[in-house]
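Following: one structure in structure tokens, then a few remarks.
The values are calculated or read from the model by the stated rules, or taken from the named source; none is laboratory data. If you're wondering where the values come from, they're calculated on a predicted model, not measured in any experiment. Counting neighbours? That spans all protein chains shown, and the Cβs are built from the backbone with ideal geometry, glycine included.
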Amino acid sequence: MAEEKNNPEGEATAAAPAKASAVKAWLPLIASIVLMPALAFGMTKFVIVPELQKSLGIKEPVEKGAATTAKKASDAKKLNVPFNKLLVNIAGTMGQRYLLVSLSLASTGGEEFKTKLTENEAPLRDMAMGILSTKTLADLEKPGARNLIRTELINGFNGILGDNAVSEIYITEFGIQ
């Protein structure tokens with residue numbers, strides 16, 4: 001037995017299984033470090049983003065050349081309908097401050113869109129005034145406030161008119177008193 005302890009070949013054969021077991025011990029960590037970012041990217045690109053786009057009603061992007069052609073065609077056919085003088089009290093001011101907003105609603109729906117707006121003017125005004133009256137003075141002074149208001153109003157208008165009737169909203173008048 002004394003000879004086995006001093007045998008250099010015995011040490012080498014014992015060290016090889018120790019190194020192999022060390023690599024096996026680290027294998028799950030290495031696999032996690034390599035596979036987790038790839039899995040996260042795949043889930044985001046192919047599952048989460050498409051589901052969000054579907055729920056928000058965003059259509060798939062088209063090729064760049066086709067997009068510019070489609071955009072030029074849609075710009076030529078857009079109909080802008082004014083939506084004037086929405087006057088609301090600003091939230092949190094106890095009726096002492098108000099907001100005056102005039103809008104222009106853009107759509108590619110033509111005369112059918114204008115007819116829908118005329119028929120639904122009261123519910124559209126009510127919905128728009130409801131959204132605007134929830135804004136505080138601090139909300140209105142934030143840098144992206146107008147874009148947030150546009151988004152909320154487009155979603156509200158399309159909820160009433162259906163079928164993504166309003167494609168854009170231009171704020172033509174925005175006054176705080």
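Listing for the model above:
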item: Scan of the range 88-112 for residues that are more than 13 Å from Ile169 (Cβ to Cβ) and in contact (Cβ under 8 Å) with a residue 40 or more places away in the chain, ordered by number; result: Val88, Asn89, Ile90, Ala91, Gly92, Thr93, Arg97, Tyr98, Leu99, Leu100, Thr108, Gly109
item: Residue that is surrounded by the fewest Cβ atoms within 10 Å (Cβ to Cβ), among those in the range 97-123 that are more than 21 Å from Thr134 (Cβ to Cβ) and aliphatic (A, V, I, L, M); result: Ala106
item: Some residue of the range 140-148 being assigned to a helix (DSSP H, G or I), in contact (Cβ under 8 Å) with a residue 12 or more places away in the chain and over 28 Å from Lys54 (Cα atoms); result: yes
item: Matching residues in the range 77-87 - criterion: being under 13 Å from Phe174 (Cα atoms) and in contact with a Ser or Thr (Cβ under 9 Å, 6 or more places away or on another chain); result: Phe83, Asn84, Lys85, Leu86
item: Residue check for Leu52: of a type in the set (A, V, I, L, M, F, W, C), at pLDDT below 90 and either within 30 Å of Leu140 (Cα to Cα) or assigned to a helix (DSSP H, G or I) (or both); result: yes
item: Some residue of the range 4-21 being modelled with pLDDT under 90, of a type in the set (Ser, Thr, Tyr) and farther than 30 Å from Lys114 by Cβ; result: yes
